[in-house]
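Worksheet for the structure shown next.
Every number in this text was worked out from the coordinates using simple rules, so none of it is lab data. Everything numeric here is computed off the predicted structure, so don't read it as measured data. Reconstructed Cβ throughout: ideal geometry from the backbone, glycine too, with neighbour counts over all protein chains shown.
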Amino acid sequence: MKVTQLALLFSTLALAAIPVISADSVPVASIVSSEGGSSGGNPTSSSRSSSATPSSTNSSSSASTPSSTSESENNSSSSSGSGSGSDSSNGYLYTTLVIEIPIPTGSNTPRISQQSSSAFQNMKAQGLTVFAVAAMGAVAENRDIDAAYERDLLILYATETGNALDVAEQLAREAQRRLFSVRLISTDAYPLEDLVHETLVVFVVSTAGSGQEPRPMTAMWNMLLRADLPTDIFEDLDFAVFGLGDTAYEKYCWAAKKLSRRLQSLGAREICVRGEGDEQHSLGIVGALDAWTPLVFGALEEQAPPPLGATFEDVNALPPPRITIASSSGTVSTATESSYLKQPNGYHHVTVRCNDRMTAQDWYQDVRHIELDLEEDISYAPGDVAIIHPILPVATVESFLQSVGWSDIADEEFHFSQTYGSLPVPDAIPRRTTLRRLFTNYLDIECVPRRSFFRLLRHFARDDLESEKLAEFCSPEGGADEIYDYVTRVRRTTREVLAEFRSVQIPKEYIFDLFQLLRPRQFSIASSACVHRRQLHLCVAIVRYKTKIKIERRGVCTTYLASLKPGDALHIGIQKGFLSLPEGMKTPVVCIGPGTGVAPMRALINQRVYDGAEDNTLYFGCRSISKDHHYGSEWKALIDNYKLTYRPAFSRDGPEGVKRTGTERRLGVYLRVVQQDAYRSERRN
C-alpha cells in the first residue's frame with residue numbers, strides 16, 4: 001500500500017454552519033484553508049489552485065496541526081454566525097480538505113479502500129456536497145465522490161458478426177448497474193502490453209471457421225502463444241470467459257476453451273465456470289447467457305465487493321444514454337451529404353467496371369460477377385477477402401424515418417458527445433452528423449433485433465397495450481420464446497418492428513444504445529492480382545428468401561452490391577485469408593468449391609496457371625449446367641489448354657447422375673490425396 005493525498009473541494013450554504021468532520025469519519029483530515037467564493041466562482045478552479053503541485057499538497061499535509069484545524073473551524077463558525085461568510089452573491093463558501101488515503105499499488109486506476117469509501121459516505125450524510133476529487137495532484141472534474149471508489153472491470157470481446165459485442169454490451173450494462181467502472185474494448189483495439197497489469201477481466205469470444213479464434217483476436221492469441229512468456233506472468237489476473245459457438249460444429253466454443261486453458265497455464269485464475277452460448281439452443285445464445293450472468297457477477301463481487309451501503313438501480317430501470325446532443329447547426333442538403341463520407345482507414349477507393357448476372361434470367365437465384373477497378377496496384381493473394389461496408393437504400397431509410405417520426409428532422413445536423421462512463425461509440429462514426437446519414441451508413445435498421453433491443457424499447461412506448469407487449473418480450477417466463485416467434489423465426493427487421501409499435505417515441509440520445517451497428521461484410525476475392533491487373537473480382541449470390549411474412553427478405557450488403565452500376569464508386573478493404581499453399585508449382589492441387597464457393601478457387605487456379613502450374617483439379621457442383629454453371633466457359637478454355645482437370649456435378653440435370661458420379665469422384669479425391677500425399681488446405685468460411 002502507498003499513501004497519496006486527495007484534495008477534496010466541498011461547498012455548503014454560507015448561512016448554514018459547516019459540519020465538523022470528526023476523526024472517526026476520515027482516516028486523516030485537516031482543514032487547511034477556508035475562503036469565500038468569488039462572484040461566478042468555479043469550484044473546479046478553486047480546487048486547482050489549492051492543489052497546483054504535489055509539493056504544495058505535501059506541505060499542506062505536513063502542516064496538519066490541531067491549531068490550524070481549530071483556526072479553520074473557528075473561521076467557518078464565525079462566518080456562519082455573522083450571516084455573511086462570503087462576498088459572493090451566490091452565497092457559497094468553498095472549503096478545501098486534504099485527506100491521506102491508502103491506495104493499492106499495481107493498478108492503472110487508483111482505488112480507494114472500503115474504509116475510506118465509508119468515510120466519504122459519512123461526509124455526504126453530514127451534508128457535504130462533493131464537487132471534485134483530485135487524486136495524486138490531478139483534478140477529476142464534475143464527478144460524484146462515488147466515482148473515487150473504483151471497481152475496475154475490463155471486458156474484452158472478439159467478434160466477426162457482432163454477436164459477441166452484443167453479449168459484451170449486456171454484461172457491461174449489468175456491471176455498470178452493479179457500480180463497476182467498466183471498460184469495454186475489442187481485442188484488436190486493446191494495447192496487448194497492458195494485459196499484464198490487469199486484475200479483473202471478462203473475455204467474450206466467438207468461434208470462427210473450424211474452431212479458430214475471430215480475426216480481431218488473432219494478434220492477442222499469437223502473443224499469448226509466445227514460448228518465452230513466464231508461467232506466472234498473469235498471476236495477478238482473475239478472469240472469466242464466455243464463449244459463443246454452435247454445437248452443430250465439432251469444435252464448439254473452441255476459441256473460448258483454448259483461451260481459458262492458455263491463461264491458466266500462464267498463472268491467471270479463472271473465477272467462474274466458463275459460459276458457453278449455443279446457437280442451437282431453443283433460446284439461442286441468451287439461453288446460456290441468462291444462466292451465466294448471476295454466476296459471473298457473484299464471482300466478480302467476491303473479488304471486488306461493492307461499496308458499503310451501496311444500492312443498485314432496478315434492473316428494469318432506464319439506463320442513461322451513451323451520448324448527449326451537444327448542439328444543432330441547421331439543415332444539410334443531400335448534395336452536401338457525400339462530402340462527409342470520407343474513405344475509412346485501410347480501405348481503397350474502387351470503381352465498378354461491370355456487374356453482370358451469371359445465372360439465367362429465369363433462374364430463382366441471382367448470382368453476380370462484379371469487377372472493380374482499383375486506382376492503384378494493390379497486392380492480394382488467393383484466399384484473401386474483400387470487406388465491403390453496405391449503404392442502405394434511400395427509400396428504405398426514408399420509410400424508417402417516417403415511421404418513427406423523424407422525417408422532418410432527418411437532415412438537421414447535430415453534434416454529439418459521449419457521456420462519462422458510458423459504453424463506447426465507435427470512432428469511425430463522425431461526431432457531427434444527421435439522422436439520415438447515421439441510418440444510411442452506420443446504423444442497421446434491416447437486421448433482426450436482439451432481446452436487448454426490446455428491453456430498452458419498452459421504456460419509450462406510450463401506448464399501454466404496446467408497452468405491455470414489449471414487457472412480455474422481456475419477461476423471464478416465456479419472453480425468449482415470444483421474441484423467437486415474433487422476430488427470429490420470421491426474420492422480422494428492426495424497421496418493421498418499429499413500424500408496428502407506432503406509439504414508440506425514441507429520444508435521439510438513445511440511438512446508439514438501441515440500434516446495432518451496420519457492420520461490413522466479407523466476400524472471397526475471385527481474381528488473381530497478377531492476371532487481372534488493377535482489378536478485383538467478386539462472385540456474389542444476392543440473398544433473397546421468404547418466410548411466413550409476405551414481404552421478401554433481402555440481404556443488406558448483397559442488395560447494395562446488386563444495385564451498383566458501372567462507374568459507381570465505393571470503398572473496400574482487403575483482409576488476409578487463410579489459404580496456405582505449398583511452395584513451388586509441382587505439387588498437384590485439388591480444389592473443391594460448389595456454388596459461389598468457387599470464388600477463391602477461381603483466384604487460385606488463375607494464379608497457378610499464371611505461374612506455370614498445370615496439375616490443377618477442380619470439383620464443382622451446382623444444380624443445372626444451363627442455369628447456374630458459374631464460369632463454365634473459363635473452365636472449358638483451361639481444359640482445352642490442358643491447364644485444368646474439371647469434375648462438375650449437376651444435381652437437377654439427371655436423376656441418378658450426381659449420386660453415381662459424385663461417389664466416384666469423392667473416392668477419386670481420397671485416393672489422390674493418399675497416393676500423392678497432396679498438400680491439404682481448407683478455406684475458412
Length gained when the stretch Q402-I549 is fully extended (0.36 nm per residue, less Cα-Cα span): 50.8 nm
Backbone HN-Hα couplings from phi across the range 301-314 [Karplus 6.51/-1.76/1.60, Hz, Gly and Pro as x]: 6, 5, 7, 9, x, x, x, 4, x, 5, 10, 9, 5, 4
Charge sum, other residues only, whose C-beta stays under 11 Å from R652's C-beta, Lys/Arg counted +1 and Asp/Glu -1: 0
Segment S503-I325, length gained on full extension (0.36 nm per residue, minus Cα span): 61.8 nm
Environment charge of F414, counting only residues whose C-beta is closer than 13 Å and scoring Lys/Arg +1, Asp/Glu -1: +1
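Could you list V394, V202 in order of exposure, starting from the residue whose Cβ has the fewest other Cβ atoms within 10 Å?
V394, V202
What is the fewest-to-most order of W363, W221 by other Cβ atoms lying within 10 Å of their Cβ?
Listed from fewest to most nearby Cβ atoms, that is W363, W221.
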Of the GluC sites (Glu not before Pro) in the range 347-444, those whose Cβ has at most 13 other Cβ within 10 Å and which sit in DSSP loop: E375, E376
Test item: Cα-centred dipole of the range 152-303, Lys/Arg +1 and Asp/Glu -1 on Cβ, debye: 180
Backbone N within the range 456-478 under 16 Å of label point (7 Å from D485 Cα along the Cβ vector): 469-478
Magnitude of the charge dipole, the range 470-616, Cβ model with Lys/Arg +1 and Asp/Glu -1, debye to 20: 620
Backbone HN-Hα couplings from phi across the range 278-284 [Karplus 6.51/-1.76/1.60, Hz, Gly and Pro as x]: 10, 4, 7, 4, 4, 9, x
Chain lengthening between Y420 and S563 when straightened (0.36 nm per residue, less Cα-Cα): 47.4 nm
Proximal charge balance of R462 [Cβ under 15 Å; K/R count +1, D/E count -1]: -2
Residues R455, R226, R262, sorted so that the one with the fewest Cβ neighbours within 10 Å comes first: R226, R262, R455
